[in-house]
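Structure, as structure tokens:
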Amino acid sequence: MSKLLNTELHKLHDIIVSMLVITLIYAVIGAFRSMSNRNTIYLGFGELLAIFAILICSVTGVFISQDFENNTVRNKLIIGHTRLKVYFSYQIIFALLALILTAIFIAVYILSGKIFFYMEVFRSEPLDTEAMKVLKENFFKALPVYLTAVPAFTAAAVFIPTALRSVAGGVLTVYLAYTINSLPAFSDFFPNNKFIEYINEILPSSQIFLMEGLSPQPDFSPLKYIAFSLAFAAVLTASGYALFRKADLK
């Protein structure tokens with residue numbers, strides 16, 4: 001497994017560097033946008049992170065679909081790697097990449113936002129102290145959910161291209177990632193619909209939006225949302241491997 005992971009990381013070197021640069025730029029621009037439009041970095045973050053998750057999943061889907069298209073996956077099996085190792089190498093690498101990039105994005109976003117906050121030219125009057133305290137509490141309570149949701153979302157980005165095993169998998173991954181991220185909007189059209197509320201709690205991408213609207217209740221715990229994200233990832237990973245194990249790779 002270690003050799004396979006090293007090989008994949010070497011192939012991803014240029015992509016990782018590009019994603020890191022994009023992450024840094026996007027975090028700074030996002031912080032500036034939040035400060036200039038909302039006078040705070042603690043509003044609008046869910047939208048930014050959801051778009052960032054789409055980007056990571058799109059890269060994942062396209063990369064894996066290309067491996068199937070150029071027979072790289074079949075060659076891995078020919079030289080002795082098992083299907084279990086091949087599938088989980090994708091899942092481990094892209095989930096880890098998503099976690100690291102998300103952590104970097106959040107750190108740079110917060111740092112940039114604080115810098116912009118203290119530069120008068122970038123903001124109007126700040127929010128009152130109590131309002132800022134509430135927003136800040138919401139943000140940091142939701143932080144573990146953010147760091148779990150984006151990596152968990154990559155399970156879908158691995159599942160789709162390995163199920164389709166063609167370039168169409170990469171295209172469909174981009175489309176479905178965008179569609180899934182749009183699901184929270186259905187809550188506005190169907191208020192108090194328990195089914196939609198439940199689906200949005202389960203989906204990692206929807207959780208990102210839900211976290212932003214939380215009020216800082218003393219009994220709030222992110223564990224429920226983290227458990228849902230992990231269950232989402234586990235189900236898709238197990239299902240994806242089951243399909244891949246039986247797939248004809250001729």
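Since every read-out is calculated from the coordinates, none of them should be taken as a lab result. These numbers come from a predicted model, not from an experiment. Note that we place each Cβ from the backbone using ideal geometry, even for glycine, and neighbour counts take in every protein chain shown.
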| field | Label assignment, percent of Cα pairs over 26 Å apart derived from the structure, set [x] 43; [y] 38; [z] 51 | value | [x]
| query | Label points 7 Å out from Cα along the Cβ direction at ALA242 and ASN71: separation in nm? | reply | 3.1 nm
| Spin-label pair LEU5/PHE195, simplified geometry with 7 Å Cα→Cβ offset, distance in nm | 4.2 nm
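How do 162-172, 6-16 rank on mean C-beta neighbours within 10 Å, highest first?
Working: 162-172: 18.4, 6-16: 13.1.
Final packing ranking: 162-172, 6-16.
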| note | Excluding near-sequence neighbours (fewer than 8 apart on one chain), the stretch 2-246 holds lysine pairs with C-alpha atoms under 23 Å apart numbering 15
| request: Please turn the phi angles of the stretch 101-110 into ³J(HN,Hα) values with the Karplus equation 6.51 cos²θ - 1.76 cosθ + 1.60 (θ = phi - 60°), one per residue in order, whole Hz, x for glycine and proline. | output: 5, 5, 5, 5, 4, 5, 5, 5, 4, 5
| task | Determine ³J(HN,Hα), in whole Hz, for all residues of the stretch 239-249 in sequence, where each value follows from phi through the Karplus function 6.51 cos²θ - 1.76 cosθ + 1.60 and θ = phi - 60°; x replaces Gly and Pro. | result | 5, x, 5, 4, 5, 5, 5, 9, 6, 8, 9
| Residue-wise HN-Hα coupling along the stretch 25-38, computed from phi with Karplus coefficients 6.51, -1.76, 1.60 (Hz; x: Gly, Pro) | 5, 5, 5, 5, 5, x, 5, 5, 4, 5, 5, 6, 8, 10
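Taking only C-alpha pairs under 8 Å that are 6+ residues apart, what is the relative contact order of the chain in percent? Please list the in-between numbers first.
Working: 308 pairs, mean separation 74.4, N = 250.
So the answer I get is 30 percent.
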